[in-house]
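Visitor: Just passing along the structure, written as C-alpha cells.
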Amino acid sequence: MTETIKLMKAHTSVRRFKEQEIPQADLDEILTAGQMASSWKNFQSYSVILVRSQEKKDALYELVPQEAIRQSAAFLLFVGDLNRAEKGASLHTDSFQPQGVEGLLITSVDAALAGQNTLLTAESLGYGGVIIGLVRYKSEEVAALFNLPDYTYPVFGIALGVPNQQHDVKPRLPLNQVVFEEEYQEQPVAAILDYDKVQADYAGARATTSWSQRLAEQFGQVEPSSTRKNLEQKKLL
Ligand SMILES: Cc1cc2nc3c(=O)[nH]c(=O)nc-3n(C[C@H](O)[C@H](O)[C@H](O)COP(=O)(O)O)c2cc1C
C-alpha cells in the first residue's frame, strides 16, 4: 500500500472547520496540483474562483445554506468554462456552437477531475473539505454573485479548511456491484436493500432517510430548474 492509496482510502468529507487560514504556499500547491488533472483535448474547460473573504462566503451561504461554506478557510467555485474556447475558436471561425450535451459533459468532467485532484492534494497536506454541488440549485444567483460571463456556469464548489470533525470512512457499494467483468450486469433490487442496511449501520442514530429514499427524493421529481435556466442564459443550452 502506498501513501497515496492510504490517503485515498482514508477520504471522508469534512464539513466543519477550525478558524484557521490556509497559508498561501499551501493554497498554491493545492491549486497547481489540482490543475494537473487530465482534460478533454487539453482544453482545460473550467475555471476556479478562490473565495477567501468572509463577506463573499456569507453572501454565498445566504443562497446555499451549507455551514461548510461559511466556516471554510477557502471556498473554491469550480466553473464549467467555454468562454476561453469561444475566444480561441473566434481566431479561426465565425461559427461557435457549444450548446448541447457534449459541451456540458466536457466542461463538467474537466471540472470534476480537477476538483478531485484539488481535494486530494488538500487532504494530503492535512486539510479537509467537501464538494458542494448544491450551488447548482441556485445557479443563476451564484453566477451573478461571481460575475460569470457567457459560456460559463457553476458546477460545484469545494469548501476547504483545517478539519474540526472526524468521521469514519463511509462504506462504498461492494466492488462487484460497481465494477463488472467484460459487460454490464444489472443489479437486483435486493442489492440496493443490502446497501440501504450497510448505510443505516454506518449512519446509526444520525440516519434520517435511507440511501434508496434519498435516490427517490433526488430522481422522483423534475430536476431543479435553476441549472437549466442558467445554462440557457449562458448560451450553453
Ligand atoms: C458532485 C458532488 C456534489 C456534492 N454536493 C454536496 C453538497 O452540496 N453538500 C454536502 O454536504 N456534501 C456534498 N457532497 C459530498 C457527498 O455527500 C459525499 O462525498 C458522499 O456522501 C460520500 O461521503 P464521503 O465523501 O465522506 O466519503 C457532494 C459530492 C459530490 C461528488
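The values are calculated or read from the model by the stated rules, or taken from the named source; none is laboratory data. All of these numbers come straight from a predicted model, not from anything done at the bench. Cβ coordinates were reconstructed from backbone atoms using ideal geometry, including for glycine residues, and neighbour counts include every protein chain displayed. Note: accessible area is taken over every heavy atom of the protein model, side chains too, but ligands, DNA and RNA are not part of it. Shrake-Rupley method; radii C 1.70, N 1.55, O 1.52, S 1.80 Å.
Visitor: Give me a count of the residues in the range 7-46 that are more than 17 Å from the chain's Cα centre (by Cα) and assigned to a helix (DSSP H, G or I).
Guide: Residues in the range 7-46 being more than 17 Å from the chain's Cα centre (by Cα) and assigned to a helix (DSSP H, G or I): 12 in total.
Visitor: Sticking with this structure for a sec: Do the conditions hold for residue 92, that is, is it open to solvent by 60 Å² or more (accessible area, probe 1.4 Å) and away from the ligand (no atom under 16 Å from the Cβ)? Outline the logic, then answer.
Guide: Details: open to solvent by 60 Å² or more (accessible area, probe 1.4 Å): yes; away from the ligand (no atom under 16 Å from the Cβ): yes.
When the stated conditions are applied, residue 92 passes them.
Visitor: Filter the range 96-108 down to residues that are open to solvent by 60 Å² or more (accessible area, probe 1.4 Å) and free of Cβ contacts under 8 Å to residues at least 24 places away in the same chain, then give me how many there are. Talk me through it step by step, then tell me what you get.
Guide: As a first pass, look at the range 96-108 and keep what is open to solvent by 60 Å² or more (accessible area, probe 1.4 Å): 97, 99, 101-102, 105.
Okay, now just the ones that are also free of Cβ contacts under 8 Å to residues at least 24 places away in the same chain, so 97, 101-102, 105.
The total comes to 4.
Visitor: Let me ask another. Give 85, 112, 59 a once-over and let me know the one that is free of Cβ contacts under 8 Å to residues at least 60 places away in the same chain, within 23 Å of residue 144 (Cα to Cα), assigned to a helix (DSSP H, G or I) and of a type in the set (A, V, I, L, M, F, W, C). Reasoning before the result, please.
Guide: Numbers: 85 fails: free of Cβ contacts under 8 Å to residues at least 60 places away in the same chain; 59 fails: free of Cβ contacts under 8 Å to residues at least 60 places away in the same chain.
So the residue among 85, 112, 59 that is free of Cβ contacts under 8 Å to residues at least 60 places away in the same chain, within 23 Å of residue 144 (Cα to Cα), assigned to a helix (DSSP H, G or I) and of a type in the set (A, V, I, L, M, F, W, C) is 112.
Visitor: A further question follows. Of all residues in the range 1-50, which are within 16 Å of the ligand (Cβ to nearest atom) and over 17 Å from residue 128 (Cβ atoms)? Step through it out loud before you land on a result.
Guide: Kept after step one, since they are within 16 Å of the ligand (Cβ to nearest atom), are these residues of the range 1-50: 5-17, 34, 37, 46, 48.
Within the range 1-50, 5, 37, 46, 48 meet the criteria.
Visitor: Looking only at the range 130-143, decide whether some residue is farther than 18 Å from residue 57 by Cα, within 11 Å of the ligand (Cβ to nearest atom) and without any contact (Cβ under 8 Å) to a residue 60 or more places away in the chain. So that I can check it myself, show each step before the final result.
Guide: In the first step, residues of the range 130-143 are kept if they are farther than 18 Å from residue 57 by Cα; the result is none.
No, that holds for no residue.
Visitor: Turning to a different aspect of this structure: Looking only at the range 115-147, which residues are assigned to a helix (DSSP H, G or I) and open to solvent by 40 Å² or more (accessible area, probe 1.4 Å)? Working first, answer last.
Guide: Initial filter on the range 115-147 (assigned to a helix (DSSP H, G or I)): 115-124, 133-145.
Those that are assigned to a helix (DSSP H, G or I) and open to solvent by 40 Å² or more (accessible area, probe 1.4 Å): 116, 117, 124, 134, 136, 137, 138, 140, 141, 144, 145.
Visitor: Can I ask one more? Pairs, please: C-beta under 6 Å, at least 6 apart or cross-chain, first residue in a loop (DSSP other than H, G, I, E, B) and in the range 183-210, second surrounded by 10 or more Cβ atoms within 10 Å (Cβ to Cβ)?
Guide: From the range 183-210, the pairs are 187/177; 207/200; 210/196.
Visitor: Follow-up. For the condition in contact with a helix residue (DSSP H, G or I) (Cβ under 8 Å, 6 or more places away or on another chain), over 18 Å from residue 13 (Cβ atoms) and not β-branched (Val, Ile, Thr), what is the one hit in 168, 94, 110? Please lay out each step first, then the result.
Guide: On the way: 168 fails: over 18 Å from residue 13 (Cβ atoms); 94 fails: in contact with a helix residue (DSSP H, G or I) (Cβ under 8 Å, 6 or more places away or on another chain).
The unique qualifying residue is 110.
Visitor: How many residues are out of contact with any Ser or Thr (no Cβ under 6 Å at 6 or more places or on another chain) and either touching a residue at least 60 places away in the same chain (Cβ under 8 Å) or open to solvent by 60 Å² or more (accessible area, probe 1.4 Å) (or both) when one looks only at the range 161-172?
Guide: Keep residues of the range 161-172 that are out of contact with any Ser or Thr (no Cβ under 6 Å at 6 or more places or on another chain), which gives 162-166, 168, 170-172.
Now narrow it down to the ones that are either touching a residue at least 60 places away in the same chain (Cβ under 8 Å) or open to solvent by 60 Å² or more (accessible area, probe 1.4 Å) (or both): 162-166, 168, 170, 172.
Number satisfying all stated conditions: 8.
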